[in-house]
């Protein structure tokens, strides 16, 4: 709550209790606080339903110094916007705006469009859009190309910590889920699931070393991951290893990594651990 007022942010109000808490904090202040009202148009997560909207609007008009300046909602899909369910959400959102005007709180701004709608559904743009995944330079459907040019904004990399030559028949990692079928060069990386590199990539993931793909072998552990660099000539300790992103002309897209891990790219992008240094370029 204090961060909202300290930074002069515009909060999104999802229910009457939140409105009352904001109003309580405003007591003694002479200024009005602009808020965005969130309508639940079908996602069933946060917001005021159409059925409750008239009562909510009548009650919020009684709260001093809270001014609804915008209406927002959240689409029920980040990928498929061709379903009848999305059309019902659109109709409900338009109706929510009409109710605001009928009950004395007309809004000039409406926003419901996520990345997919921003890129493909102009009819859902209204007066504002809220791209999410597109800000990372990725298309919501996982495609490499789309209606506009996007450039991935994140690259995750580490370096080879240790490099060893192991004989055929040697187990790798916890429970020996990988056993070498030949003499192999195995590199250990100082990154693991505690850093946001999923355990689900055990024996499934790939990384880039010297522009070539090398497979993850054995279980991804908390702090360490092993890769097989037998086919990467001259790989050395200290070599850069790209877990997703570009390395020269080669690239492993985060969508690929998400597919191997049976998750979505958004989860990978947002769970990179705090002990991974961030280097901001340009």
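Could you tell me how many of the residues in segment 140-172 are buried (at least 16 other Cβ atoms within 10 Å of the Cβ), free of Cβ contacts under 8 Å to residues at least 24 places away in the same chain and within 30 Å of residue 116 (Cβ to Cβ)?
Going through segment 140-172 one residue at a time, the tally reaches 1.
Would you mind stating whether residue 186 is under 24 Å from residue 230 (Cβ atoms), within 28 Å of the chain's Cα centre (by Cα) and touching a residue at least 12 places away in the same chain (Cβ under 8 Å)?
no
Of the residues 209, 254, 216, which is crowded, with 17+ Cβ neighbours inside 10 Å, touching a residue at least 40 places away in the same chain (Cβ under 8 Å) and over 27 Å from residue 134 (Cβ atoms)?
Result: 209 is the single residue among 209, 254, 216 that is crowded, with 17+ Cβ neighbours inside 10 Å, touching a residue at least 40 places away in the same chain (Cβ under 8 Å) and over 27 Å from residue 134 (Cβ atoms).
I'd like the full set of residues that are part of a loop (DSSP other than H, G, I, E, B) and under 13 Å from residue 97 (Cβ atoms), limited to segment 30-57.
Once the filter is applied, which keeps residues that are part of a loop (DSSP other than H, G, I, E, B) and under 13 Å from residue 97 (Cβ atoms), segment 30-57 yields 41, 50.
Looking at (1) within 23 Å of residue 182 (Cβ to Cβ); (2) outside any strand (DSSP E or B), which one does residue 221 not meet, given that it meets all the others?
(1)
Can you find a residue that is touching a residue at least 12 places away in the same chain (Cβ under 8 Å), in the same structural domain as residue 124 (by TED's automatic domain parsing) and in a loop (DSSP other than H, G, I, E, B) anywhere in segment 81-97?
yes
The values are calculated or read from the model by the stated rules, or taken from the named source; none is laboratory data. Since this is a predicted model, take the numbers as computed values, not measurements. Every residue, glycine among them, receives a Cβ derived from its backbone with ideal geometry; neighbour counts consider all protein chains shown.
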